[in-house]
Number of protein chains: 2
Amino acid sequence: MNKKLIGVDLGGTTIKFAILTLDGEIQQKWSVETNILDDGKHIVPDIVESINHHLDLYDMKPEQFVGIGMGTPGTVDIENGTVEAAFNLNWKEKQNLKEEIEKGTGMKFAVDNDANVAALGERWKGAGENDDEVTFVTLGTGVGGGVITNGEMVHGAGAGGEIGHINVQPNGYLCTCGNHGCLETYASATGVVRVARDMAEEFAGKSDLKKMLDDGQDISSKIVFDLAKDGDVLAERVVDRVCYYLGFACANIGSLINPSYIVIGGGVSAAGKFLLDQVDSYFKEFAFPSVKKSTTLKLAELGNEAGVIGAASLALKFNK
Amino acid sequence: MNKKLIGVDLGGTTIKFAILTLDGEIQQKWSVETNILDDGKHIVPDIVESINHHLDLYDMKPEQFVGIGMGTPGTVDIENGTVEAAFNLNWKEKQNLKEEIEKGTGMKFAVDNDANVAALGERWKGAGENDDEVTFVTLGTGVGGGVITNGEMVHGAGAGGEIGHINVQPNGYLCTCGNHGCLETYASATGVVRVARDMAEEFAGKSDLKKMLDDGQDISSKIVFDLAKDGDVLAERVVDRVCYYLGFACANIGSLINPSYIVIGGGVSAAGKFLLDQVDSYFKEFAFPSVKKSTTLKLAELGNEAGVIGAASLALKFNK
């Protein structure tokens with residue numbers, strides 16, 4: 001009997017769903033808009049309804065599934081299957097996800113936070129090659145991540161994987177967390193732009209990036225990387241600085257836990273090999289010699305499917 | 001039937017042995033000198049003989065033991081129970097520890113490196129309070145450590161726990177590993193002295209530490225900490241600098257894997273609460289807010305018994 005998994009990737013604008021085989025192959029996928037009105041009280045019922053509706057559509061029964069796994073923003077209590085402080089969903093109060101979704105669908109349910117779930121996805125079916133030792137770093141609006149050691153997600157005392165808040169520059173930029181010099185302040189999409197603005201002020205040479213900033217144009221991390229690829233001197237320096245901090249953080253991750261793979265994903269990683277090679281060069285400058293050989297930096301491979309795939313993998317534990 | 005464990009802590013000068021209960025209580029202990037002559041070829045036979053001799057002495061049989069666990073210097077292959085590159089034992093070639101010791105004693109055998117084994121000891125019966133999330137940092141001649149997540153030792157791709165080689169100062173002191181600015185170059189016993197010598201050169205005020213260094217006296221990290229406790233201005237600055245780097249490294253360990261406890265041991269940690277409080281203050285400056293609350297820095301509690309206790313715990317896996 002070939003049972004299936006359901007993966008749910010709950011985000012602030014859409015909820016992505018997928019039905020997967022136990023090997024992690026996506027067989028069906030769909031998505032619905034996230035309705036965050038009324039303190040987000042429609043979200044869980046919408047998830048339940050959408051799953052039940054699609055099971056009807058595909059003529060499938062809950063018994064054909066091992067269970068449902070979900071990634072969510074906010075602070076997750078994995079044991080109890082609850083979440084709170086998910087502000088982009090308007091969830092201020094604690095939500096009993098496990099209780100409501102198990103009751104509503106008749107399937108077992110497991111949950112973790114969205115960054116961890118994406119890490120699990122990349123580890124299982126993406127750049128992590130299903131290795132037991134994978135660290136995932138996602139460069140988006142912020143910098144997040146997830147750490148897998150001995151084949152298991154590291155939650156630590158509850159706040160494991162705060163990779164964006166590794167300090168890379170004492171007395172550096174002020175971070176939203178209140179500290180100064182967190183990786184996120186340099187290597188997130190907004191961080192890259194901040195570095196660009198800062199370096200532009202002291203830059204005197206010829207640069208399109210400088211001109212754009214002086215003209216008050218909106219710039220993005222993509223523009224910075226594109227200009228650097230085209231040889232814009234200022235943009236090259238900005239990218240060098242961002243990659244320096246990323247390489248420094250990756251080296252220290254390597255010296256501590258020596259993952260087989262450090263997988264870099266998220267919007268900023270769209271800069272691809274151009275980014276990876278420069279990060280790797282600083283990684284090799286700072287990492288312990290045997291770590292340089294045994295830890296490989298890679299680009300993420302699953303894009304935004306990492307979420308549903310990793311979420312589904314949470315339900316594998318029910319397959320006994 | 002109350003079976004026992006044997007723990008062996010193999011060092012460059014002595015080999016420590018202990019017989020423990022399954023709860024980790026030491027019932028007997030003894031030690032022998034390490035004979036590193038003839039490429040260290042006497043070491044394994046000496047271990048076998050010493051164990052067999054003491055079993056005779058206590059009128060015990062191999063069947064009364066779950067197994068033997070050992071910590072050793074060098075690069076350990078845990079699966080195969082071999083070790084190589086243990087230079088302070090004169091072991092250049094690969095040693096088949098598991099094969100020889102199991103054959104010689106009739107008991108099951110497990111091995112890991114000495115820093116990891118000390119971490120397991122402190123986790124099990126020391127400052128780690130048997131928590132599943134413990135990182136151990138040992139400040140000795142070098143700086144080493146071990147990382148435990150989800151209750152398991154993290155080996156990563158083979159070189160996990162190289163805490164001494166976390167970079168804390170880009171372009172800092174040259175390390176034996178070839179990199180610049182590793183934690184070990186500042187926070188090991190020799191590192192503390194190096195910081196003292198360096199800071200003394202630029203120090204103009206009144207200081208006994210300065211006078212000792214100018215007189216060409218031998219100083220130790222203990223002298224530096226003792227003088228700092230007595231209010232010597234230069235020594236205070238040296239300790240502040242060392243604690244800054246330790247706090248920075250601990251904060252970044254915290255943000256990555258959020259251990260419940262970061263346990264600080266080794267010779268330098270004999271400075272006690274005086275050291276810990278200053279490290280903690282920098283830790284709190286650099287750590288992510290929720291990590292400050294959930295990760296606690298503590299001093300090691302087992303002293304040099306951590307090795308035999310942690311080693312013995314390796315054999316617990318045979319207790320089925």
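Some values worked out for this structure:
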{"read-out": "Residue within the range A:221-237 that is crowded, with 18+ Cβ neighbours inside 10 Å, of a type in the set (Ser, Thr, Tyr) and within 20 Å of residue A:273 (Cβ to Cβ) present", "value": "yes"}
{"read-out": "Residue check for residue B:134: within 30 Å of residue B:21 (Cβ to Cβ) and open to solvent by less than 30 Å² (accessible area, probe 1.4 Å)", "value": "yes"}
{"read-out": "Residue list for the range B:69-102, filter: within 20 Å of residue B:3 (Cα to Cα) and either assigned by TED's automatic domain parsing to the domain that holds residue B:142 or of a type outside the set (A, V, I, L, M, F, W, C) (or both)", "value": "B:69, B:102"}
{"read-out": "In the range B:261-273, residue nearest to the other protein chains (Cβ to nearest Cβ) [restricted to those that are open to solvent by 20 Å² or more (accessible area, probe 1.4 Å) and over 13 Å from the mean Cα position of the chain (by Cα)]", "value": "B:261"}
{"read-out": "Yes/no for residue A:285 being open to solvent by 40 Å² or more (accessible area, probe 1.4 Å) and either part of a loop (DSSP other than H, G, I, E, B) or more than 14 Å from every other protein chain (Cβ to nearest Cβ) (or both)", "value": "no"}
{"read-out": "Residue list for the range A:117-134, restricted to those being more than 8 Å from chain B (Cβ to nearest Cβ) and either of a type outside the set (Gly, Ala, Ser) or farther than 18 Å from residue A:298 by Cα (or both)", "value": "A:117, A:120, A:122, A:123, A:124, A:125, A:129, A:130, A:131, A:132, A:134"}
{"read-out": "Residue in the range A:138-155 that is under 17 Å from residue A:279 (Cα atoms) and among the hydroxyl-bearing types (Ser, Thr, Tyr) present", "value": "yes"}
{"read-out": "Those residues of the range B:180-206 which are open to solvent by 10 Å² or more (accessible area, probe 1.4 Å) and not in a helix (DSSP H, G or I), in sequence order", "value": "B:180, B:202, B:203, B:204, B:205, B:206"}
{"read-out": "Pairs with Cβ under 8 Å, 6+ apart, first in the range B:165-183 and more than 9 Å from chain A (Cβ to nearest Cβ), second acidic (Asp, Glu) and part of a loop (DSSP other than H, G, I, E, B)", "value": "none"}
{"read-out": "Long-range neighbours under 7 Å by Cβ, at least six apart or interchain, first residue without any contact (Cβ under 8 Å) to a residue 24 or more places away in the chain within the range A:249-272, second assigned to a helix (DSSP H, G or I)", "value": "A:256/B:163; A:256/B:253; A:256/B:256"}
{"read-out": "Among (1) within 11 Å of chain A (Cβ to nearest Cβ); (2) part of a loop (DSSP other than H, G, I, E, B); (3) surrounded by 24 or more Cβ atoms within 10 Å (Cβ to Cβ) - the single one residue B:148 does not satisfy", "value": "(2)"}
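The values are calculated or read from the model by the stated rules, or taken from the named source; none is laboratory data. None of the values given here were measured: they were computed from a predicted structure. Virtual Cβ from ideal backbone geometry, glycine too; neighbours counted across all protein chains shown. We work out accessible area using only protein heavy atoms, side chains counted, and drop any ligands, DNA or RNA first. Shrake-Rupley method; radii C 1.70, N 1.55, O 1.52, S 1.80 Å.
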